[in-house]
Structures are given as structure tokens and as C-alpha cells.
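Student: Encoded as C-alpha cells, here's the structure I'll be asking about.
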Amino acid sequence: MSIVETSCSKIDHLFMLILFILVLSSLKGNSQPLVPAMFIFGDSVVDVGNNNNLETIVKSNFPPYGRDFINHHDTGRFCNGKLASDFTGENLGFTSYPPPILSKEANGKNLLLGANFASGGSGYYDTTAKLYNTISLSKQLGYYQEYQKKLVGLAGKANATSIISGSVYLVSSGSSDFVQNYYVNPLLYKVYTPNQFADILIQAYSHFIEELYRLGARKIGVSTLPPIGCLPASITLFGEDSNECVTKMNSVAKYFNKKLNATSLSLKSKLSGLNLVVLDIYHPLFDLIQKPTDFGFFEARKACCGTGLIETSYLCNKESPGTCKNASEYVFWDGFHPSEAANKILADDLLVDGISLVS
């Protein structure tokens, strides 16, 4: 691609972003959210505290997690502050966030905002969640069915049906399947090639969307895999002493994303009334990592917490030596997860991709 083509692409993207923000502003003039509720499924990228209530090593409900969040309070988010899904909720006009389904907040009128079913350490492959004793996507669907019964009791059947069909559903999964399962599990990597395992995940994804559709969901946004080979922990664990992104891991992420797009198109043509949008995380995050200073960041190789090479969950704690003072200078908060500053950029970038979910 030429410099002129690249510049035009950036200008077109900026124009679309500005246009969408103007549309959102006009639609939010009535101070009501653009959709009735939000429902969130997936892994640690969107978990807001469900793992707090599980016997698992995959937790983040302790300092320094949450140090830049509201009231500087750790909530179970794998971040120093807000997640991309939190910013998305704000962009849609919500003033509070869907509660984690296993929390005491997930009751009464709070459920009218929707709910968050995500669980760190889970994936499309149910065995990934079993390894870490977290909530698989299959179980997340089960919790969603229980939620629907509560919603009918709260709002009545007609209103519940309207909420379910008119709300936005966000799905973010797959990274843990590779980084925390496939690449460290000889029972998988000695049996399947990376692409074969990706095909298995795609089949699970297709089944999940079909089930979510059967339960009434019509507006679904699913994120691609990020450049998993560029995560600080991936480079440290699998980079073979290189300080660069792990090419083979990024290649399988691209393969998965290509299959995700094709499968999503097939599902849309098969399931009447389904608005299924693929939200590209790979390229925006890759750009942040490759050219951090262009976006106001100082560091993209090391994360903020501790040495910034592998720490996550209990390895990232208040005793971690060397944790940075200003996380907004870092693309990554810990070895696996973006900082709040990076999440804000990613969420804004996804506005254009997701416009059809609210228009």
C-alpha cells in the first residue's frame, strides 16, 4: 500500500469516527441509552468481577488492579482502570455498567441494564475454562438463560422480550484458548496444528452464536483475536530470546480472524434478522504496539506491572517491584491485558465497526 493510500485510509477512518460521534450525540439527546441493555460474554478482557466468586487462580480483585478505576478500587477487572467494554457502554449512553452475574449487585432493577457473564481464563474451547476452574462459554449461556427468567419476573414477558431482542451483545474470547491452553498443553499442540485448533474454536464459536440467537439475541458484536504474539507474556514465554512479536502466534490469530469473518457472514445469511458484526481488535492494537509514540505511549514491549514481562493475576500484586507510576504511558497494564489508556483508544476505534448495532 502506498503512502497516499495509507493517508487516505486514515482520513476516511477519522471522518467515519467523527461522523459516528456526531450521530451518537444526536441520538443521545434524550439522555437515554441507545439500546435497552448490554450483555457481555467472554474472557478476562471483559470480565468485571465474576472470577471474584470462584475458586480460581485467575483473579484480579486486589491492588494494584483497579488503581485508576472509580474510587481507585479493584473490582476484578484485569486492568488498572476501565475496560474497552466499559468505554463502549459509556459510548452507548449508559451511566453504570452491567453487573457481573455472580455478584450481589446482579439483582433487582440492576438487571434491567443487562449483565456481564465473562470469566477470565475461559474460551470457546470449554476445556480451557476447566483448566482454570472458570466459567466456560457454555456455562455463561446457562447463566444467561437463568437471567432471562429473572428478567421476565422483573419486567413482564413482553418487555423482557423487547429488551432481549433490542439489546447489544458483546463477545470477546479465544485468546486464552491459545496463550493459556494450546501453546502450553502437549495434549493439544502434539495432536493439532495451530490452524486445526483454530478450526475447532471456530466451530465452537458458530455453535455459541446459534445458541445465543435461539435465546433471542439479534445484535451481536464479536471481537477478533488480538495480535496474541505481541502480548508481553507471549514474547517472554514463546519468543525464543527475541524481543519481537512471535510471528507464528500472530499468523494463527490472522488465520482465526479470517475464518471468524467468513463464519460470521455465513451465520448472518442463515439466521434471519441476525445483525452480527465482527469488531477488529487485531489491527488497532497492533498499530499501538508497533508505533506507540504515535498514540502518546512510551512503552509497548513491557507492561506496567512489575517487570512487565509476564505478570498477570496474582503475579501482579501490590508487592510487585518496579510497577510503573503512570500506566497511561504503557500499552499494556500486565503481561496479557491492555492499560485503560489503550482500552480507550481501542473502544473509540470500534465505534465505526459497531455503528450498525445501534443504527
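The values are calculated or read from the model by the stated rules, or taken from the named source; none is laboratory data. Quantities reported herein were computed from a predicted structural model and do not represent experimental measurements. Because the Cβ atoms are built from the backbone with ideal geometry, glycine has one as well, and the counts that use them run over all protein chains shown.
Student: Give the number of residues within region 314-342 that are of a type outside the set (A, V, I, L, M), under 13 Å from Asp68 (Cα atoms) and crowded, with 17+ Cβ neighbours inside 10 Å.
Tutor: Of the residues in that region, 5 qualify.
Student: Take Ile135 and decide whether it is among the aliphatic types (A, V, I, L, M), surrounded by 19 or more Cβ atoms within 10 Å (Cβ to Cβ), at pLDDT 95 or above and in contact with a strand residue (DSSP E or B) (Cβ under 9 Å, 6 or more places away or on another chain).
Tutor: no
Student: Criterion first (touching a residue at least 40 places away in the same chain (Cβ under 8 Å), charged (D, E, K, R), surrounded by fewer than 21 Cβ atoms within 10 Å (Cβ to Cβ) and not in a strand (DSSP E or B)) does Lys258 satisfy it?
Tutor: no
Student: If you take just the helices (runs of 4 or more DSSP H) that sit entirely in region 53-171, which of them hold at least 3 residues that are more than 18 Å from the chain's Cα centre (by Cα) and within 23 Å of Tyr182 (Cβ to Cβ)? Write out each step before concluding.
Tutor: Numbers: elements: 84-91, 126-132, 137-155, 157-166.
The helices (runs of 4 or more DSSP H) meeting that bar are 126-132.
Student: Let me ask something else about it. Scan Leu19, Leu14, Leu54, Leu24 and give me the residue that is modelled with pLDDT under 90 and surrounded by 14 or more Cβ atoms within 10 Å (Cβ to Cβ).
Tutor: None of the other options fit; the residue is Leu24.
Student: Condition first: of a type in the set (S, T, N, Q) and within 12 Å of Asp334 (Cα to Cα). Now tell me which residues in region 288-309 satisfy that.
Tutor: Thr307
Student: Check off (1) touching a His at 6+ places or on another chain (Cβ under 9 Å); (2) without any contact (Cβ under 8 Å) to a residue 24 or more places away in the chain for Gly156 and give me the number that stays unchecked.
Tutor: (1)
Student: Restricted to region 221-250, and to residues that are in a helix (DSSP H, G or I) and without any contact (Cβ under 8 Å) to a residue 40 or more places away in the chain, which residue is farthest from Phe286 (Cα to Cα)?
Tutor: So the residue we want is Thr247.
Student: Further question on the same structure: Determine the pairs where a residue that is polar (S, T, N, Q), located within region 342-359, has a partner that is assigned to a helix (DSSP H, G or I) and crowded, with 19+ Cβ neighbours inside 10 Å with Cβ atoms under 8 Å apart, the partner being 6 or more residues away or on another chain.
Tutor: Asn343/Ala84; Asn343/Asp86; Asn343/Phe87
Student: For residues in region 72-96 being among the hydroxyl-bearing types (Ser, Thr, Tyr) and in contact (Cβ under 8 Å) with a residue 40 or more places away in the chain, which is nearest to Gly49 (Cα to Cα)?
Tutor: Ser85
Student: Hey, can you tell me all the residues within region 100-124 that are surrounded by fewer than 24 Cβ atoms within 10 Å (Cβ to Cβ) and not charged (D, E, K, R)? Show your work before the answer.
Tutor: As a first pass, look at region 100-124 and keep what is surrounded by fewer than 24 Cβ atoms within 10 Å (Cβ to Cβ): 102-113.
Once the filter is applied, which keeps residues that are surrounded by fewer than 24 Cβ atoms within 10 Å (Cβ to Cβ) and not charged (D, E, K, R), region 100-124 yields Leu102, Ser103, Ala106, Asn107, Gly108, Asn110, Leu111, Leu112, Leu113.
Student: Can you say whether Phe238 is more than 30 Å from Ser162 (Cβ to Cβ) and more than 21 Å from the chain's Cα centre (by Cα), as far as the supplied structure shows?
Tutor: When the stated conditions are applied, Phe238 passes them.
Student: Just the residues that are part of a loop (DSSP other than H, G, I, E, B) and among the hydrophobic types (A, V, I, L, M, F, W, C), please, taken from region 323-359.
Tutor: Cys324, Val331, Trp333, Phe336, Val358
Student: How many residues does region 268-299 hold that are touching a Cys at 6+ places or on another chain (Cβ under 8 Å) and buried (at least 20 other Cβ atoms within 10 Å of the Cβ)?
Tutor: Within region 268-299, residues that are touching a Cys at 6+ places or on another chain (Cβ under 8 Å) and buried (at least 20 other Cβ atoms within 10 Å of the Cβ) number 2.
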